[in-house]
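The values are calculated or read from the model by the stated rules, or taken from the named source; none is laboratory data. Since the structure is predicted, the reported quantities are computational estimates derived from the model, not experimental observations. When we count neighbours, we look across all protein chains shown, and the Cβ atoms used for this are built from the backbone with ideal geometry, even at glycine.
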Amino acid sequence: MRAWVVRAGSDGEREGPELSQGIVAAGWPELGDITAAAGRETLRAALEKTYAGYSPRVIGNWAGQLWRFRHDMSAGDLVVLPRRSRQLALGRIAGLYEFVPNADPGLQHTRSVDWVRTDLDRNAVQQDLLDSMGSLLTIFELRRYDAANRVAALLDSGADPGPGNTAPDSPTFASSVKLLEAAVDAPADAPLTITVRNLLSGWGATRRGSTVVDQIEAKLGEKGLTAAPPITSVGFDSQVALLRVGVEPGPGQPLLTARDVPDEAAEQAPLTYRIAHVASADCQVVSVRPEDTLRQAITKMVFHDFSQLPVLDGDGRLSGAITWESIGKARMSGNSLSLSDVIVQPLDIHSQAELLDWIPQIHKHGYAFIRDDQHKITGIVTTADLTNQFGARVEPFVLLEELEQRLRRLLNQALERGTLTLDAIRSRLLPHRQKKVHAADDLTLGEYSHVLEPEAHWGALKWDADQGLVLPSLRTCTAFRNKLMHFSPDPIPGEELTPVRGLLAVLRSLDPIA
């Protein structure tokens with residue numbers, strides 16, 4: 001038995017006929033009979049033909065919903081219909097998919113239902129299950145929080161027993177719930193926009209690791225939303241819009257084309273460093289216009305302490321650049337100068353270009369202006385930006401490498417003195433690792449905390465440091481290292497390096513000569 005929610009449609013006008021006729025309807029009134037559809041791809045092809053111009057991502061979402069309605073729903077499954085009166089109607093699916101060509105628009109694609117309750121107050125449903133019912137999708141399954149059993153109880157008794165002793169879902173942060181609620185409630189023509197940084201923080205994350213990205217995309221998908229552009233393709237402080245891809249076509253749903261919502265295949269490409277991942281690639285750009293004076297341009301450069309300025313036309317497109325070098329060379333002529341005399345052709349790069357491919361060119365020119373698909377300038381990347389970007393990324397690896405080297409050195413010293421033995425070290429390792437460790441150099445960072453945990457081992461090192469402080473810090477550094485090994489285009493927040501720097505300072509004091 002499964003539990004489904006079938007909403008009344010984007011116009012909200014199908015609720016009465018569905019209850020009186022003993023059906024649920026899927027909407028998509030322009031789409032013909034899908035009884036013979038052999039799979040999602042067949043449905044997708046029919047939708048592409050009927051709703052030409054919509055993004056492939058939107059079409060794919062609709063195909064998934066209709067396939068669930070046509071194929072996945074079974075007789076005896078539970079169905080919930082949210083009503084405009086803030087009540088819920090609950091029933092059981094009673095028949096197979098049926099296409100009714102002469103029905104009113106939005107009521108052609110149907111499943112028969114035995115409605116049991118048509119006026120259940122939403123207050124009877126506990127908030128976790130009620131939140132699961134909040135989605136922009138027309139058709140979706142309730143899978144979390146023991147939903148099927150709880151909907152069955154609501155149908156029979158009108159009371160929600162709660163999630164019971166089922167295994168808990170992945171932790172959900174209150175701020176992520178509020179964020180999703182705001183995105184669902186936002187008007188279709190004014191979707192919620194949010195920075196990647198703030199979107200991640202809703203899930204308690206500071207970087208775009210694959211696990212948290214998958215989790216966010218799954219939660220957005222459950223609500224009929226998607227982030228555009230994809231959250232892995234833009235800068236950390238860039239804005240993404242949470243678009244309503246799950247809403248069926250109708251008067252309130254804008255045409256979402258491939259330009260608005262990238263295709264699913266594009267989002268599945270492996271993560272790579274792109275120009276957009278440099279923070280300054282997406283920033284407020286100070287510029288001059290071709291009709292401005294050279295005096296205005298120089299004043300702006302001095303005021304902002306800039307070495308170059310883009311020259312942008314009325315549409316925000318790049319006409320050229322002025323630099324202190326171009327001004328100096330032009331003044332050597334001794335002639336009176338205007339802005340046009342000092343304009344040079346700069347390097348400009350698309351924001352989605354791979355960063356590593358362009359580093360030599362950026363170093364050669366000293367800077368590059370960054371443009372979007374419409375050739376509008378979105379930011380500037382300089383050699384200083386590259387130095388800061390890679391310096392922030394390299395520092396954690398350098399610190400961890402020194403940390404491991406100092407731990408090995410200090411343990412090897414204990415082995416040489418004979419106060420700690422190799423057998424004692426091996427006794428703290430997993431069986432499959434014991435035969436592979438012949439010296440402290442063979443230990444992984446995570447194994448050091450296990451080796452140093454017994455008081456006898458700690459005392460054998462003759463370290464004048466508090467074990468109760470060092471060992472937890474070492475475990476924190478191990479967790480940090482494991483997190484660091486997962487690709488993310490974002491820099492490590494400074495506060496996450498604090499335990500590494502602190503423990504390294506302790507180890508340096510224990511072995512000041514090295």
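Among the numbered conditions (1) crowded, with 16+ Cβ neighbours inside 10 Å; (2) assigned by TED's automatic domain parsing to the domain that holds P251, tell me where A152 comes up short.
(2)
Please go through region 1-57 and give me each residue that is modelled with pLDDT of 90 or more and of a type in the set (K, R), ordered by number.
Selection gives R2, R44, K49.
Out of P249, P262, which single residue is touching a strand residue (DSSP E or B) at 6+ places or on another chain (Cβ under 8 Å) and either exposed (fewer than 15 other Cβ atoms within 10 Å of the Cβ) or not hydrophobic (A, V, I, L, M, F, W, C) (or both)? Give the derivation first.
Details: P249 fails: touching a strand residue (DSSP E or B) at 6+ places or on another chain (Cβ under 8 Å).
Of P249, P262, the one residue that is touching a strand residue (DSSP E or B) at 6+ places or on another chain (Cβ under 8 Å) and either exposed (fewer than 15 other Cβ atoms within 10 Å of the Cβ) or not hydrophobic (A, V, I, L, M, F, W, C) (or both) is P262.
Matching residues to (1) out of contact with any helix residue (DSSP H, G or I) (no Cβ under 8 Å at 6 or more places or on another chain); (2) surrounded by 22 or more Cβ atoms within 10 Å (Cβ to Cβ); (3) among the acidic types (D, E):
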residue: W28; (1), (2), (3): no, yes, no
residue: G32; (1), (2), (3): no, no, no
residue: T35; (1), (2), (3): no, no, no
residue: L47; (1), (2), (3): no, yes, no
residue: D72; (1), (2), (3): yes, no, yes
residue: D77; (1), (2), (3): yes, no, yes
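Any residue in region 108-134 that is within 25 Å of G224 (Cα to Cα) sitting within a Cβ distance under 7 Å of a residue that is basic (K, R) and assigned to a strand (DSSP E or B)? List the pairs, counting only those 6 or more apart or interchain.
Final answer for the pair search is V113/R92.
So which residues in region 116-161 are under 34 Å from the mean Cα position of the chain (by Cα), of a type in the set (A, V, I, L, M, F, W, C) and closer than 12 Å to A89 by Cα?
Residues of region 116-161 that are under 34 Å from the mean Cα position of the chain (by Cα), as a first pass: 122-151, 160-161.
Next, from what is left, pick out any that are of a type in the set (A, V, I, L, M, F, W, C): 124-125, 129-130, 133, 136-137, 139-140, 142, 147-148, 151.
Across region 116-161, the qualifying residue is only V151.
Being basic (K, R) and closer than 30 Å to A38 by Cβ: is that true of R83 here?
No.
With respect to E447, determine if the residue is at pLDDT below 90, surrounded by 15 or more Cβ atoms within 10 Å (Cβ to Cβ) and in the same structural domain as I492 (by TED's automatic domain parsing).
Details: at pLDDT below 90: no; surrounded by 15 or more Cβ atoms within 10 Å (Cβ to Cβ): yes; in the same structural domain as I492 (by TED's automatic domain parsing): yes.
No: the conditions fail for E447.
Here is a yes/no grid of residues against (1) among the hydrophobic types (A, V, I, L, M, F, W, C); (2) surrounded by fewer than 15 Cβ atoms within 10 Å (Cβ to Cβ); (3) on the phi > 0 side of the Ramachandran plot:
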{"residue": "V302", "(1), (2), (3)": "yes, yes, no"}
{"residue": "Q308", "(1), (2), (3)": "no, no, no"}
{"residue": "D315", "(1), (2), (3)": "no, yes, no"}
{"residue": "L318", "(1), (2), (3)": "yes, no, no"}
{"residue": "E325", "(1), (2), (3)": "no, yes, no"}
{"residue": "R331", "(1), (2), (3)": "no, yes, no"}
{"residue": "D341", "(1), (2), (3)": "no, no, no"}
{"residue": "P346", "(1), (2), (3)": "no, no, no"}
{"residue": "L355", "(1), (2), (3)": "yes, no, no"}
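For region 267-300: of the residues being closer than 18 Å to I231 by Cβ and touching a Lys or Arg at 6+ places or on another chain (Cβ under 9 Å), which is modelled with the lowest pLDDT?
First, the residues of region 267-300 that are closer than 18 Å to I231 by Cβ: 267-279, 281-282.
Subset that is touching a Lys or Arg at 6+ places or on another chain (Cβ under 9 Å): 267, 271, 281.
Numbers: E267: 51, L271: 60, A281: 88.
Checked region 267-300; the qualifying residue modelled with the lowest pLDDT is E267.
Taking the condition closer than 29 Å to V212 by Cα and buried (at least 18 other Cβ atoms within 10 Å of the Cβ), does L503 pass? Steps first, please.
Values: closer than 29 Å to V212 by Cα: yes; buried (at least 18 other Cβ atoms within 10 Å of the Cβ): yes.
Judged against the criteria, L503 is a match.
Just for region 211-257: of the residues that are among the acidic types (D, E) and over 20 Å from P491 (Cα atoms), which one is nearest to the chain's Cα centre (by Cα)? Please lay out each step first, then the result.
Let us first name the residues in region 211-257 that are among the acidic types (D, E), namely 214, 217, 222, 237, 248.
Next, only the ones that are over 20 Å from P491 (Cα atoms) stay: 217, 222, 248.
Numbers: E217: 6, E222: 14, E248: 24 Å.
By that ranking, first place goes to E217.
How many residues are among the hydrophobic types (A, V, I, L, M, F, W, C), surrounded by 14 or more Cβ atoms within 10 Å (Cβ to Cβ) and in a helix (DSSP H, G or I) when one looks only at region 450-475?
Residues that pass the stated criteria total 7.
Give me the residue from region 377-389 that is surrounded by 15 or more Cβ atoms within 10 Å (Cβ to Cβ) and not polar (S, T, N, Q) and, out of that set, farthest from C283 (Cα to Cα).
This residue is L386.
Report yes if some residue within region 468-491 is in the same structural domain as R408 (by TED's automatic domain parsing), of a type in the set (V, I, T) and within 29 Å of the chain's Cα centre (by Cα); otherwise report no. Before the answer, list the steps.
Initially, region 468-491 is screened for residues in the same structural domain as R408 (by TED's automatic domain parsing), giving 468-491.
Next, only the ones that are of a type in the set (V, I, T) stay: 470, 476, 478.
Okay, now just the ones that are also within 29 Å of the chain's Cα centre (by Cα), so 476, 478.
Among the residues of region 468-491, at least one is in the same structural domain as R408 (by TED's automatic domain parsing), of a type in the set (V, I, T) and within 29 Å of the chain's Cα centre (by Cα), which makes the answer yes.
Suppose we keep only residues that are under 30 Å from P105 (Cα atoms) and of a type outside the set (D, E, K, R) within region 233-251. Which one would you say is modelled with the lowest pLDDT? Talk me through it step by step, then tell me what you get.
Keep residues of region 233-251 that are under 30 Å from P105 (Cα atoms), which gives 242-251.
Among the residues that remain, those that are also of a type outside the set (D, E, K, R) are: 242-243, 245-247, 249-251.
Numbers: L242: 92, L243: 92, V245: 89, G246: 88, V247: 86, P249: 85, G250: 81, P251: 77.
The residue in question is P251.
Can we say L337 is surrounded by 17 or more Cβ atoms within 10 Å (Cβ to Cβ) and either touching a Lys or Arg at 6+ places or on another chain (Cβ under 7 Å) or small (G, A, S) (or both)? Working first, answer last.
Values: surrounded by 17 or more Cβ atoms within 10 Å (Cβ to Cβ): no; either touching a Lys or Arg at 6+ places or on another chain (Cβ under 7 Å) or small (G, A, S) (or both): yes.
When the stated conditions are applied, L337 does not pass them.
Can you confirm whether region 224-232 contains a residue that is out of contact with any Leu (no Cβ under 8 Å at 6 or more places or on another chain) and either within 19 Å of W28 (Cβ to Cβ) or hydroxyl-bearing (S, T, Y) (or both)? Break it down into steps so the answer makes sense when it comes.
The first filter runs over region 224-232 and keeps only residues out of contact with any Leu (no Cβ under 8 Å at 6 or more places or on another chain), leaving 229-230.
If we keep only those that are either within 19 Å of W28 (Cβ to Cβ) or hydroxyl-bearing (S, T, Y) (or both) as well, we get none.
No, that holds for no residue.
Which of the residues that make up region 328-348 are among the charged types (D, E, K, R) and either under 13 Å from L294 (Cβ atoms) or in contact with a His (Cβ under 7 Å, 6 or more places away or on another chain) (or both)?
Taking region 328-348 first, the residues among the charged types (D, E, K, R) are 329, 331, 341, 348.
Within region 328-348, R331, D341 meet the criteria.
For S74, are the conditions met, namely being among the hydroxyl-bearing types (S, T, Y) and at pLDDT below 90? If you could, list the steps in order and put the result at the bottom.
Values: among the hydroxyl-bearing types (S, T, Y): yes; at pLDDT below 90: no.
No.
Tell me, yes or no, whether region 419-435 has at least one residue that is touching a Phe, Trp or Tyr at 6+ places or on another chain (Cβ under 6 Å), outside any helix (DSSP H, G or I), in the same structural domain as A479 (by TED's automatic domain parsing) and surrounded by 13 or more Cβ atoms within 10 Å (Cβ to Cβ).
Scanning region 419-435 turns up no residue that is touching a Phe, Trp or Tyr at 6+ places or on another chain (Cβ under 6 Å), outside any helix (DSSP H, G or I), in the same structural domain as A479 (by TED's automatic domain parsing) and surrounded by 13 or more Cβ atoms within 10 Å (Cβ to Cβ).
Could you please give the count of residues in region 476-500 that are surrounded by fewer than 16 Cβ atoms within 10 Å (Cβ to Cβ), of a type outside the set (S, T, N, Q) and free of Cβ contacts under 8 Å to residues at least 60 places away in the same chain?
Looking only at that region, the number is 4.
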